[in-house]
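Structure record follows, encoded as structure tokens.
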Amino acid sequence: GFRIFLDKRTLKSTGGSEIVVPPQYPLLASLVAGEWEGQPGLIKSSSLPVTSLVVRGTQSIAEVRDEVIENLLRYLHTDSVCYHQDESEENAPVELQNKYWNSIIDWANREFGVNVNKTYSIMSIRQDDRTVDVFRKELQTMTPLELAAFERAVMTSKSFLIALALVKREIGVEFATQA
């Protein structure tokens with residue numbers, strides 16, 4: 001793997017472990033190094049998002065992998081892209097729903113052979129057990145680093161489906177931020 005050196009010493013996590021970027025991610029190693037090179041005198045962890053992601057994906061997520069997956073699957077039942085407004089409602093964001101949300105739901109249904117439920121009500125919905133199981137199996141195939149990236153995308157977007165489409169490269173960052 002790639003080790004990052006600062007002042008001839010290897011970069012370590014707050015827990016004291018060396019930060020090693022897996023060999024299949026040379027660009028990620030460069031991004032971590034660039035993050036550290038760009039730090040002013042006082043280092044704040046909030047200004048090191050890539051380093052944080054790498055540490056999560058290479059050191060801590062493996063210990064709690066199943067728990068992380070189950071927590072992420074909870075977002076599937078409350079995913080904002082599944083809560084639509086009826087076209088007849090005044091000021092309904094129907095155009096945005098059709099352009100962004102429906103395309104993500106349609107992709108997920110096609111790509112994973114599921115039927116993601118959506119609603120036009122404010123009442124909560126649940127995805128069926130088969131859909132949840134399919135997505136659980138998909139998350140279980142992710143490498144620890146991919147799962148950490150997915151976790152970060154879910155937490156940022158507050159959407160399981162937007163994050164999945166982003167991590168699977170079905171959509172780009174700009175599309176995700178618009179959705």
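Test Ala153 against the stated conditions and say whether it is touching a residue at least 60 places away in the same chain (Cβ under 8 Å) and either small (Gly, Ala, Ser) or part of a helix (DSSP H, G or I) (or both). So that I can check it myself, show each step before the final result.
Values: touching a residue at least 60 places away in the same chain (Cβ under 8 Å): no; either small (Gly, Ala, Ser) or part of a helix (DSSP H, G or I) (or both): yes.
Considered against the rule, which asks whether it is touching a residue at least 60 places away in the same chain (Cβ under 8 Å) and either small (Gly, Ala, Ser) or part of a helix (DSSP H, G or I) (or both), Ala153 comes out as no.
To keep it simple, each residue is scored yes or no on (1) among the charged types (D, E, K, R); (2) open to solvent by less than 40 Å² (accessible area, probe 1.4 Å).
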residue	(1), (2)
Thr14	no, no
Pro23	no, no
Val32	no, yes
Glu37	yes, no
Gly41	no, no
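Can you tell me which of Glu138, Glu111, Glu87 is acidic (Asp, Glu), surrounded by 13 or more Cβ atoms within 10 Å (Cβ to Cβ) and either over 29 Å from Pro22 (Cβ atoms) or over 17 Å from the mean Cα position of the chain (by Cα) (or both)?
Numbers: Glu138 fails: either over 29 Å from Pro22 (Cβ atoms) or over 17 Å from the mean Cα position of the chain (by Cα) (or both); Glu87 fails: surrounded by 13 or more Cβ atoms within 10 Å (Cβ to Cβ).
Of the residues listed, the single one that is acidic (Asp, Glu), surrounded by 13 or more Cβ atoms within 10 Å (Cβ to Cβ) and either over 29 Å from Pro22 (Cβ atoms) or over 17 Å from the mean Cα position of the chain (by Cα) (or both) is Glu111.
Under 8 Å between Cβ atoms, at least 6 apart or on separate chains: pull out the pairs that start in region 70-89 with a residue that is under 18 Å from Arg152 (Cα atoms) and end on any residue that is surrounded by 14 or more Cβ atoms within 10 Å (Cβ to Cβ) and among the acidic types (Asp, Glu).
Sorted first by the residue in region 70-89, then by its partner, the pairs are Leu72/Glu151.
Is one or more of the residues making up region 114-128 in contact (Cβ under 8 Å) with a residue 60 or more places away in the chain, in contact with a helix residue (DSSP H, G or I) (Cβ under 9 Å, 6 or more places away or on another chain) and open to solvent by 50 Å² or more (accessible area, probe 1.4 Å)? Working first, answer last.
Taking region 114-128 first, the residues in contact (Cβ under 8 Å) with a residue 60 or more places away in the chain are none.
No: region 114-128 contains no residue that is in contact (Cβ under 8 Å) with a residue 60 or more places away in the chain, in contact with a helix residue (DSSP H, G or I) (Cβ under 9 Å, 6 or more places away or on another chain) and open to solvent by 50 Å² or more (accessible area, probe 1.4 Å).
The values are calculated or read from the model by the stated rules, or taken from the named source; none is laboratory data. Since the model is a prediction, treat every value here as computed from it, not as a measurement. Cβ sites come from the backbone with ideal geometry, for glycine too, and all protein chains shown count toward neighbours. For accessibility, only protein heavy atoms count, side chains too; no ligands or nucleic acids. Shrake-Rupley method; radii C 1.70, N 1.55, O 1.52, S 1.80 Å.
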